[in-house]
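The values are calculated or read from the model by the stated rules, or taken from the named source; none is laboratory data. Only a predicted model underlies this, so the values are computations on that prediction, with no experimental measurement involved. So basically every Cβ, Gly included, is an ideal-geometry build from the backbone, and we count neighbours across all protein chains shown.
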Amino acid sequence: MSGHSAAVISTEELARRMGAPALRVFDCTTYLKPGPDGRYVAESGRANYDKGHIPGAAFLDLQADLSDKSSKLRFTLPLLEDLTKAFAAKGVGHGTFVVLYSHASPVWATRIWWMLRAVGFDDAAILDGGLDKWKAENRPLSIEAATHPPATLSLRARPELFVDKEKIKGAIGAPGTLTLNALSHDQHTGAGGVVYGRAGRIAGSSCVPAAGLFGIDKALKPIAELRAAFDGVGAAPDKRVLVYCGGGIAATLDAFVLTAMLGHRNVSVYDNSMQEWANDPALPMEIG
């Protein structure tokens, strides 16, 4: 898979670069556990990080440190100024090369990658296959917590990388714009899976499940398969593509593949996604 994009780094390549002075590796894992009411409960990946992580990797807690505390919704993007300061405090800065990984699913790493792009930081890559592939290859692990020294990072805002419900509403039926659901086909049709409020999808949207973009080894599928998945819903490079999911996390994997691997230039993520949309009866949905 490696070699297709500067934004993807293989386990071999990371192992070779370990210890490079400008390298900043981060474990971005969060776990979503089904709660008693059928909705997800978000759990920090910190405990798992403490049991064994890539040596030298620091931990990024998306919910505790990189989300808007005042939002009633989960994982809401903070103000970009605040986000820039938070990233700088964690060691992301000019002259650093950032590698992001997660455990069990790449969507947590791509969420952070997309947020870095929104503040104008582009020297970041996701580790293909994440912690799963690293462990499967019997590469070294550390139980020693690491942090990176604070860095200097200035905001070069790209607010258009995220959209709100008004933009999504305005895109319904708009020519040249495609709204994509990164949840499962069952969730898309309203047939099953976790619901975030009303079952179903945003009216007029198509579906490319994030979970279908990587294999059992958690590595991204070959580029031809990735391209076919998006071609199948008419996601041509000249279209504006708006991606959503349950809480703006899985959507970032679709957005990452479109942007970093397939060369799309006009992709945005609906930040609060279905946790907002499905709970507002005024916003149109479809099932079936």
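Structural remarks
- Selection count, segment 38-86, where residues are under 18 Å from the mean Cα position of the chain (by Cα), assigned to a loop (DSSP other than H, G, I, E, B) and either surrounded by fewer than 17 Cβ atoms within 10 Å (Cβ to Cβ) or acidic (Asp, Glu) (or both): 4
- Cβ pairs under 6 Å, 6+ apart, first in segment 276-288 and in the same structural domain as residue 166 (by TED's automatic domain parsing) and in contact (Cβ under 8 Å) with a residue 40 or more places away in the chain, second among the aromatic types (Phe, Trp, Tyr) and in a loop (DSSP other than H, G, I, E, B): 278/196
- Scanning segment 2-31 for residues that are of a type in the set (A, V, I, L, M) and in contact (Cβ under 8 Å) with a residue 40 or more places away in the chain yields 6, 7, 8, 9, 14, 15, 20, 22, 23, 25.
- Any hit, segment 189-203, residues being in a helix (DSSP H, G or I), more than 21 Å from residue 40 (Cα to Cα) and either among the small types (Gly, Ala, Ser) or outside the structural domain of residue 97 (by TED's automatic domain parsing) (or both): no
- Residue match in segment 130-146 (condition: part of a strand (DSSP E or B) and either within 27 Å of residue 51 (Cα to Cα) or not assigned by TED's automatic domain parsing to the domain that holds residue 26 (or both)): yes
- Residue list for segment 127-183, filter: closer than 20 Å to residue 206 by Cβ, out of contact with any Lys or Arg (no Cβ under 7 Å at 6 or more places or on another chain) and hydroxyl-bearing (Ser, Thr, Tyr): 179
- Among the residues making up segment 103-137, those that are within 10 Å of the chain's Cα centre (by Cα) and of a type in the set (Gly, Ala, Ser) are 105, 109.
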